[in-house]
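In what follows, a structure is listed as structure tokens, so that the remarks can point back to it.
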Protein chains: 2
Amino acid sequence: MQQLEYKGTVIKECFFERKNINKFEAIFTQGNGYLGIRNALEEHYVGEIRDTFITGTFNKASKEEVTELPNIADASAVKIIVNEEEFSLTEGKISSYERSLDLTTGESTRIVKWESPKGIKLDLMFRRFVSLDNEHIFVQKVELLCDQDANIIIESGIDGSVTNSGAMHFEDIQRRVYDGKYMEYIAKTTQSHVKVIQGAVCSLNKEALIIPVMGRRTLANKYSLKIKANEKLEFEKKSVFFSERDKEYAHLKIEKRLDEIKKESAKLIRELEVQSYNELFKRSGAKWQDYFEKSKIDIGTDDIYVKTSINFALYHLRIMVKADDNRVGIGAKALSGEGYKGHSFWDTELFILPYFTYTHPEIARTLLEYRYHNLYGARLKAKENGYEGAMYPWECAWVDDGEVTPLYMGADIVTGEITKVWTGIIEHHITADIVYAIDNYYRVTNDNDYMEKYGYEIIFEAALFWASRLEYIADKDRYEIRNVIGPDEYKEHVDNNAYTNYMAAYTMRLAIEKSEYLKTENKKLFDILDSKLDLKYIKDCIEKKLPKLYLPLPNEEGIIPQSDTFLGLKKLDISKYKNSDEVLGIYNDYNTKQLNEYMVSKQSDTVMLLYLFRDLFDHETRKKNFIFYEDKTLHDSSLSKSTHAILANEFDFEEMSYKLFKGAISVDLGSNMKSSDEGIHSASIGGIWAAYVFGFGGVTVESKGLSIEPCLPKDWDFLEFPLVYQGARLRVRVEKDNQVRVKKLDGKSIEIYVKGEKLIIQ
Amino acid sequence: MQQLEYKGTVIKECFFERKNINKFEAIFTQGNGYLGIRNALEEHYVGEIRDTFITGTFNKASKEEVTELPNIADASAVKIIVNEEEFSLTEGKISSYERSLDLTTGESTRIVKWESPKGIKLDLMFRRFVSLDNEHIFVQKVELLCDQDANIIIESGIDGSVTNSGAMHFEDIQRRVYDGKYMEYIAKTTQSHVKVIQGAVCSLNKEALIIPVMGRRTLANKYSLKIKANEKLEFEKKSVFFSERDKEYAHLKIEKRLDEIKKESAKLIRELEVQSYNELFKRSGAKWQDYFEKSKIDIGTDDIYVKTSINFALYHLRIMVKADDNRVGIGAKALSGEGYKGHSFWDTELFILPYFTYTHPEIARTLLEYRYHNLYGARLKAKENGYEGAMYPWECAWVDDGEVTPLYMGADIVTGEITKVWTGIIEHHITADIVYAIDNYYRVTNDNDYMEKYGYEIIFEAALFWASRLEYIADKDRYEIRNVIGPDEYKEHVDNNAYTNYMAAYTMRLAIEKSEYLKTENKKLFDILDSKLDLKYIKDCIEKKLPKLYLPLPNEEGIIPQSDTFLGLKKLDISKYKNSDEVLGIYNDYNTKQLNEYMVSKQSDTVMLLYLFRDLFDHETRKKNFIFYEDKTLHDSSLSKSTHAILANEFDFEEMSYKLFKGAISVDLGSNMKSSDEGIHSASIGGIWAAYVFGFGGVTVESKGLSIEPCLPKDWDFLEFPLVYQGARLRVRVEKDNQVRVKKLDGKSIEIYVKGEKLIIQ
């Protein structure tokens, strides 16, 4: 029997199995982009990862570690004791159990019938949500029925004794229970000195004795009462969360903020006290409805798994982003786990951003403004590494932290020693990836305001970095890019990684183009940027080197070498790993050094290049290279399968495409119960959306503009999705025969291409 | 059915109940005074407190907190997986379970028959001990039988993701698995910068595939193998522990220590690899045998609970003390839990030290040398508080830390706010208690060397503190001691606490006496101390004030007022709390401020005075005051009952004495399954010994020398205990009729008093 069931708009945990709790904590995560709360059960279990995050509160737990998003005090745990027996699913008997998450309302509901070791029978319902109406609110409700008269104790509070896997991020500042019921906890991050205040208030539908309980770093209220057999007990808890980094208080002087958030927190908690769970839920639900109206994708298929996958993606895409705060990025695990420490990677720009660019352009802009603010750290990194311009950090945290990639991690399978992480040092393509995303955003939105304020500056600075990064190789009289890691991280220290070289060339070419455009079309801005950045110098640097930059071309067999050495590497039969459920399974047999010696890839590298630039090579070369590299790709990165699915569809490998697509939507949603332990894969979730819209929907926006060339799976009846193009809100419907209907919901008239034909949408 | 059974030399956990795991973790703690490891089960459970401590490694987790003994990385957990099912007692079925701790060998053994949820049957035996032969070693063994052929995975390592209830004390320095099997973990305390190195090696009686596993702050080896039905699998793990604070390396420069302990650790782990569990256990067992030979007490009773209690006390008294290291004290919870943060209180001197003074005087000396080293902090505290001389910290940690009492704790039941801790500020009697212990030690041991090197100096400095502490009250023309807390901590901010005033007077009087003694008998030492401390000045200060120090005398009813206000306080019926199992239960109904208004005591205060100075008042006054105060004492301190038992026995309240005695031995050993969660009560355990030897055995050493006036419970046939008096090792046997036989085992001849008659023991 499958533990995880798919109901279209709902995903369901059908039974409880302790060893799989982390899966459900992660994929059932609730949030709103400001707050993220893993769906750990109300009772504690061994192995649980009970995380709550407030975006942007980054802190370094110790000098030896890098900054990370700290796990703040927990509000979610609720202890229930019936006649001295504590409710726990690993004790007594579970008569029935189900938990579901409604992807369109953000509410999770758990219904349990349980018999205690001594035979008391309980009917329990747990509901909870993080509000989309007010970002600071988390609400829980427990309903309890007992088959006999009983003494009940419910204990719940704020538990600051949490860590990120043992790393402590907070010092206690204050704990109190005031007015006999309101709980308040204030803590401060140890290194970044961000104060977080949390409040909570509980209510019951029966009178209870309240006893405050304080332990180290914790406080709680204990509610004791008696209930009759079959009398329904209702317990509600409202928790609020504020931090000194909150956007609303960012304009205040730092020393004023605590007072202000204390005031706000106390005010809010009193307001919430008199509002019911249902009222609060209704308000949050209305916001979810608005969101889904703008975002929903309809699929004409009976495959409920497929239908669920897009709602799952749309749900997580919403809760991973702080839509209006340009000081924070999206973490590789969003706010759903400690994995990757809350850091942002190229994942955002190439895998997540497209969804926002094409559906919620105002959010895409926020995310790209974040990258503008990152320029501070990027310039710093360039300087530290002896380059010019802006060299984006491989991993980003707080807006001006600069490079935060850890230097060491994991255990080497062969030597047993911890391994050095090279990505932060030599994975450079991100500086071009961000430029690509900006260029794409501009093509889709025509947002000149963004370009003028932020975009051009990033492009020029990034291009200058690349120009300074090129190495002149005298005996070949050409420039090369040596010693990098491309997207395929199984190949460290390679020379002339095709992806990197082409992306660098693209960035420099774009800078020249934009510079010339401004010079003629917007002289005023040109002059401002010139005086700030010295555009002539940048242009000179690029023009001196770019013509001699080595761009790997297809060899005699038509294969573009992924790097100088790739095609000469040893071959390896990787079917064992490709067919395995285990991600990174190859690391059980080979270490990084050994992997460097085989012709295997973690993820698309040259294929990624084909995906981003469809006109770079002719159709035959593209197809040949896709086949060649797909065969060698383990898809050990969660970013990989959706890209391959899209290209396979383009090349009419229908079966392969659908298989890859199924793989892509299964990274978190599939039956592998271990894949999401450390959090969901935010880029993979962006990839799900891309597979629908760019893959089957065939949407691209290249130089000529928006083009739709769909190719639906043969048993789909239709596919309908929204697009926002140059200010016009569209609804696109693709029929079974790939006929396209485009409906404009609002905005000005636009020009698009459908299957090669130009259309004017009035 | 009782969960905890008493077998004389063994205590037994008869079945598993998750909610009581903390009790057994604590009372089954293993150690050797250097190392202390709570007996958390090999598998993890919700609510477990899995602590490992190395004495002396104190660290402050944050600026807001006080220094504490940090929980170092865990070596005790062992994960067992059979055909993908993880062994856990909260899942599947427990067919049988028992765990016992042999108090005379230090080994714990757990035997479990378990059926997995899918029906696989396992027979398991877990054994473990901390070596008394080599302080750095912890050894575990698992034997496993399965009813069918199965795949087994055993995973165990070193887990540094531990904290003290969420407070992180260590930064990772290095983790590695070298030579494919040896695990090594180095971490450094965050504030005191003490590096700790831990090593581990595992072995199996069958070949297994070893895979190293590294997580954040953790490393482990995973052993995979297949076993046949009913084939016995044996797994042994040896773990080693070193710190830069270890006594053996204290002579090295700080920067040399890590290299040295790394070398030692690596060497030891290779030596242990080739030695079996049984060999290592034998060597440790021999040391336990030596110890019990010197310490054992025989009781002629059929009450197995009583018999167990003394072995329980002797066991914990051994593992709580680092016998040869005068830089560390004994924590209030010893090395068995995080309670009281590893800090030493007056508990050591008045409740634990007597055992060592009378049985292992060399260890008592070590502990009193620790107090000499504390002088640094005591002088500092005096100065900071505007006094002269040495004012001992209420709580002590590392030898020169000074005062480490936390300033805040707990929740006020009425206001809900955290409460201020006044003990560190105004509980002053410890400075006299230490002097009392030194004086007593000297009377018992005649250790002039200690006195000359350390003892006199402490006495003079303490006396000077007291002289400076006295306040002149002009309208009464007398000196008083105002605003203190006496041993009865339910009365804060009292004036003229009888215990404190008498102890202060005693200290000052002793200083005068010792000063005069030295002046005539040891002029050389007198001159040295005089030039260092200015003995004339101290004498002048004392002589000016002492005669006018107010010492509360019995009132008209013959009652010595505990403080100026005590006898005027409101009366309260405390039978509810006295009869309750819950300690500190009164705090559920009253807060500290309110308790100050009632005539109730947490522990003996005036009674303690009667206990320490038997000649201070006449028999009738003593008896009357005992009755008066016992009636008002809640015994909410674990120090209380043994003292009252001893006095009740003296006053021939046989039944009351035995009841109090049973209460005293039950603090940790009794059936209250919550009393020891945060660790055992080391002073209470010292009190158990005192109840036997000072209570029923009637041993005192006052001015005239050793006196034995026994009074056995009426149904005991005999009591036999060891004493070391002035260098002579004695074995004392008290018969049913209280006849006494004293056997000298070695040492010079001595003079003692038995029931008032002087005896010369040749």
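The values are calculated or read from the model by the stated rules, or taken from the named source; none is laboratory data. Here the structure is a predicted model, which means the values were calculated and not measured. Here the Cβ is made from the backbone with ideal geometry for all residues, glycine too, and neighbour counts use every protein chain on show. The area values use the complete protein model at the heavy-atom level, side chains included, leaving out ligands, DNA and RNA. Shrake-Rupley method; radii C 1.70, N 1.55, O 1.52, S 1.80 Å.
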(request) Among residues belonging to the stretch A:195-223 that are closer than 24 Å to A:A150 by Cα and within 11 Å of another protein chain (Cβ to nearest Cβ), point out the one that is farthest from the chain's Cα centre (by Cα). (result) A:L209
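Hey, can you tell me all the residues within the stretch A:541-560 that are part of a helix (DSSP H, G or I) and open to solvent by 70 Å² or more (accessible area, probe 1.4 Å)?
A:E543, A:K544, A:P547, A:K548
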(message) Between A:K539, A:K519, A:K523, which is among the basic types (K, R), within 29 Å of A:D477 (Cα to Cα) and out of contact with any Lys or Arg (no Cβ under 9 Å at 6 or more places or on another chain)?
(response) A:K539
(request) Filter the stretch B:79-98 down to residues that are open to solvent by 10 Å² or more (accessible area, probe 1.4 Å) and either on the phi > 0 side of the Ramachandran plot or more than 13 Å from chain A (Cβ to nearest Cβ) (or both), then give me how many there are. (result) 7
(request) Taking the residues in the stretch A:182-194 that are within 13 Å of another protein chain (Cβ to nearest Cβ) and farther than 19 Å from A:F138 by Cβ as candidates, determine which candidate is least open to solvent (accessible area, probe 1.4 Å). (result) A:T189
(request) Within the stretch B:99-119, track down each residue that is open to solvent by 10 Å² or more (accessible area, probe 1.4 Å) and aliphatic (A, V, I, L, M). (result) B:I111
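Which one of these is of a type in the set (D, E) and closer than 22 Å to B:D298 by Cβ: B:D677, B:D717?
Exactly one residue qualifies, and that residue is B:D717.
Working only within the stretch A:732-762, note down all residues that are part of a strand (DSSP E or B), closer than 22 Å to A:H360 by Cβ and out of contact with any Leu (no Cβ under 9 Å at 6 or more places or on another chain). Can you show your working first?
Residues of the stretch A:732-762 part of a strand (DSSP E or B): A:732-735, A:740-746, A:750-754, A:757-761.
Okay, now just the ones that are also closer than 22 Å to A:H360 by Cβ, so A:732-734, A:742-746, A:750, A:752, A:761.
Result: A:D746, single match.
Which ranges mark the helices (runs of 4 or more DSSP H) fully within the stretch A:561-645 that have 2 or more residues being aliphatic (A, V, I, L, M) and free of Cβ contacts under 8 Å to residues at least 60 places away in the same chain?
So the answer is A:606-612.
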(request) Please determine, by comparing only the residues of the stretch B:266-318 that are over 25 Å from the mean Cα position of the chain (by Cα) and not in a helix (DSSP H, G or I), which one is nearest to B:G663 (Cα to Cα). (result) B:D303
(request) Consider A:I261 carefully, then state whether it is closer than 24 Å to B:S62 by Cβ, open to solvent by less than 50 Å² (accessible area, probe 1.4 Å), within 14 Å of chain B (Cβ to nearest Cβ) and at pLDDT 95 or above. (result) no
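Within the stretch A:406-422, is there a residue that is charged (D, E, K, R) and modelled with pLDDT of 95 or more? Spell out the reasoning first.
Taking the stretch A:406-422 as the starting set, the residues that turn out to be charged (D, E, K, R) are A:412, A:417, A:420.
Cutting the leftovers down to modelled with pLDDT of 95 or more gives us none.
Scanning the stretch A:406-422 turns up no residue that is charged (D, E, K, R) and modelled with pLDDT of 95 or more.
Being on the phi < 0 side of the Ramachandran plot and part of a loop (DSSP other than H, G, I, E, B) is the requirement here; does A:N672 meet it?
Values: on the phi < 0 side of the Ramachandran plot: yes; part of a loop (DSSP other than H, G, I, E, B): yes.
The answer is yes for A:N672.
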(message) Six or more apart or on different chains, Cβ atoms under 9 Å: show the pairs whose first residue is in the stretch A:544-557 and within 14 Å of A:D477 (Cβ to Cβ) and whose second is in a strand (DSSP E or B) and open to solvent by 50 Å² or more (accessible area, probe 1.4 Å).
(response) A:K545/A:Y472; A:K548/A:Y472; A:K548/A:R478; A:L549/A:R478; A:Y550/A:R478
(request) Report yes if A:F694 is assigned to a strand (DSSP E or B) and touching a residue at least 60 places away in the same chain (Cβ under 8 Å), otherwise no. (result) no
(message) Among the residues of the stretch A:145-181, what is the count of those that are within 30 Å of A:K226 (Cβ to Cβ) and at the interface with chain B (Cβ under 7 Å from one of its Cβ atoms)?
(response) 5
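Give the stretch B:4-24 a look and list any residue that's part of a loop (DSSP other than H, G, I, E, B) and touching a Phe, Trp or Tyr at 6+ places or on another chain (Cβ under 6 Å), or say none.
Applying the first criterion (part of a loop (DSSP other than H, G, I, E, B)) to the stretch B:4-24 yields B:7-9, B:14-17.
Once the filter is applied, which keeps residues that are part of a loop (DSSP other than H, G, I, E, B) and touching a Phe, Trp or Tyr at 6+ places or on another chain (Cβ under 6 Å), the stretch B:4-24 yields B:F15, B:F16.
Return the residue satisfying two criteria in turn: it lies in the stretch A:558-603 and is among the small types (G, A, S) and in contact with a strand residue (DSSP E or B) (Cβ under 6 Å, 6 or more places away or on another chain), and of such residues it is farthest from B:M214 (Cα to Cα). Write out each step before concluding.
Just the residues of the stretch A:558-603 that are among the small types (G, A, S), to begin with: A:558, A:563, A:568, A:575, A:580, A:585, A:601.
Still in the running and in contact with a strand residue (DSSP E or B) (Cβ under 6 Å, 6 or more places away or on another chain): A:563, A:601.
On the way: A:S563: 31, A:S601: 24 Å.
It comes out as A:S563.
Please go through the stretch B:43-60 and give me each residue that is buried (at least 22 other Cβ atoms within 10 Å of the Cβ) and more than 15 Å from B:Y340 (Cβ to Cβ), ordered by number. Let's see the steps before the verdict.
Of all residues in the stretch B:43-60, those buried (at least 22 other Cβ atoms within 10 Å of the Cβ) come to B:51-59.
Once the filter is applied, which keeps residues that are buried (at least 22 other Cβ atoms within 10 Å of the Cβ) and more than 15 Å from B:Y340 (Cβ to Cβ), the stretch B:43-60 yields B:T52, B:I54, B:G56, B:T57, B:N59.
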(request) Can you work out which of the residues in the stretch B:4-42 that are more than 14 Å from every other protein chain (Cβ to nearest Cβ) and polar (S, T, N, Q) is surrounded by the fewest Cβ atoms within 10 Å (Cβ to Cβ)? (result) B:T9
(message) On the basis of being within 14 Å of chain B (Cβ to nearest Cβ) and either surrounded by 22 or more Cβ atoms within 10 Å (Cβ to Cβ) or assigned to a loop (DSSP other than H, G, I, E, B) (or both), does A:T415 make the cut?
(response) yes
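For the stretch B:227-247, does any single residue satisfy the condition of being within 14 Å of chain A (Cβ to nearest Cβ) and either outside any strand (DSSP E or B) or free of Cβ contacts under 8 Å to residues at least 12 places away in the same chain (or both)?
Of the stretch B:227-247, the ones within 14 Å of chain A (Cβ to nearest Cβ) are none.
No, that holds for no residue.
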(request) Report, by residue number, each residue of the stretch B:47-78 that is within 12 Å of chain A (Cβ to nearest Cβ) and farther than 26 Å from B:R327 by Cα. (result) B:G47, B:E48, B:I49, B:A77
(request) Check whether at least one residue in the stretch B:73-92 is within 18 Å of B:D400 (Cα to Cα) and of a type outside the set (V, I, T), and report yes or no. (result) no
(request) Given the conditions (1) of a type outside the set (V, I, T); (2) open to solvent by 30 Å² or more (accessible area, probe 1.4 Å); (3) touching a helix residue (DSSP H, G or I) at 6+ places or on another chain (Cβ under 9 Å); (4) at pLDDT 95 or above, report the number of the one that B:K624 does not fulfil. (result) (3)
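Go through the residues of the stretch A:520-528 one by one and say whether even a single one is among the hydrophobic types (A, V, I, L, M, F, W, C) and either more than 17 Å from A:I438 (Cβ to Cβ) or open to solvent by 30 Å² or more (accessible area, probe 1.4 Å) (or both). Write out each step before concluding.
Filtering the stretch A:520-528 for residues among the hydrophobic types (A, V, I, L, M, F, W, C) gives A:525-526, A:528.
Among the residues that remain, those that are also either more than 17 Å from A:I438 (Cβ to Cβ) or open to solvent by 30 Å² or more (accessible area, probe 1.4 Å) (or both) are: A:526, A:528.
For the stretch A:520-528, residues among the hydrophobic types (A, V, I, L, M, F, W, C) and either more than 17 Å from A:I438 (Cβ to Cβ) or open to solvent by 30 Å² or more (accessible area, probe 1.4 Å) (or both): present.
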(request) Find the helices (runs of 4 or more DSSP H) located wholly in the stretch B:339-390 whose residues include 2 or more that are among the small types (G, A, S), more than 17 Å from the chain's Cα centre (by Cα) and closer than 29 Å to B:H169 by Cβ, and list them. (result) B:375-384
(request) Tell me, yes or no, whether the stretch B:474-491 has at least one residue that is assigned to a helix (DSSP H, G or I), at pLDDT 95 or above, aliphatic (A, V, I, L, M) and within 24 Å of B:I542 (Cβ to Cβ). (result) yes
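Have a look at A:R443, A:R482, A:R509, A:R478 and point out the one that is within 26 Å of the chain's Cα centre (by Cα) and surrounded by fewer than 20 Cβ atoms within 10 Å (Cβ to Cβ).
Just one listed residue meets the conditions, A:R443.
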